[in-house]
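Chemist: Structure provided below as structure tokens; questions to follow.
Just so it is clear, none of the values below were taken in a lab; they were calculated from the coordinates. Just so it is clear, the model here is predicted, and its values are computed rather than measured. Please note: Cβ atoms are built from the backbone with ideal geometry, for glycine as well, and neighbour counts cover all protein chains shown.
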Amino acid sequence: MKKSQISRILISGDPKLLQLLSEEIEHNYTINIIKPPEKSLVMTKAKDSVSQQPFYMGEVLVTECTVSIGGIYGFGILMGEDAERSYQLAVVDGAFQASLPETQAWDALLLVEEHNILMEHKLVYSQAMKTKVNFDTMEEYNAKR
């Protein structure tokens with residue numbers, strides 16, 4: 001599983017899963033906080049739809065944290081103000097970077113959570129589609145009058 005996929009699941013998914021994983025590492029290992037959770041601004045990059053040239057849209061508030069587990073660094077960053085979750089992300093990232101034995105069992109948990117996120121997105125999409133207006137149908141209806 002790629003690091004970006006893991007981060008997306010942990011940020012979008014149930015916060016209890018992230019808390020569970022980080023607590024598992026905290027109970028078994030010594031965590032050194034290299035850079036405590038702090039707010040930062042980062043530039044948001046986008047592409048122009050016509051010229052396909054990158055440009056910066058503006059700044060986004062993020063919370064970031066860096067920890068060390070046995071000399072291996074872990075980094076956590078997410079949009080908004082959430083010091084606890086940025087710390088938890090850093091701990092989980094450090095565990096993956098250090099290839100700790102606990103991470104072997106996490107793949108299955110992460111895949112289940114990814115499936116739950118997908119099902120939630122499908123539900124929201126289906127609810128939104130119920131409100132969709134079919135303008136072709138309205139045109140045909142008005143043409144018959």
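Chemist: Give me the residue from the range 48-91 that is among the aromatic types (F, W, Y) and assigned to a strand (DSSP E or B) and, out of that set, farthest from the chain's Cα centre (by Cα).
Modeler: F55
Chemist: Go through the range 92-136 and count every residue that is in a loop (DSSP other than H, G, I, E, B), of a type in the set (A, V, I, L, M, F, W, C) and loosely packed, with under 10 Cβ neighbours inside 10 Å.
Modeler: Result for the range 92-136: 1.
Chemist: From S86, S22, grab the single residue that is buried (at least 19 other Cβ atoms within 10 Å of the Cβ) and in contact with a strand residue (DSSP E or B) (Cβ under 7 Å, 6 or more places away or on another chain).
Modeler: S86
Chemist: Out of the residues in the range 1-47 meeting the condition of being among the basic types (K, R) and in a helix (DSSP H, G or I), tell me which one is farthest from E64 (Cα to Cα).
Modeler: By that ranking, first place goes to K16.
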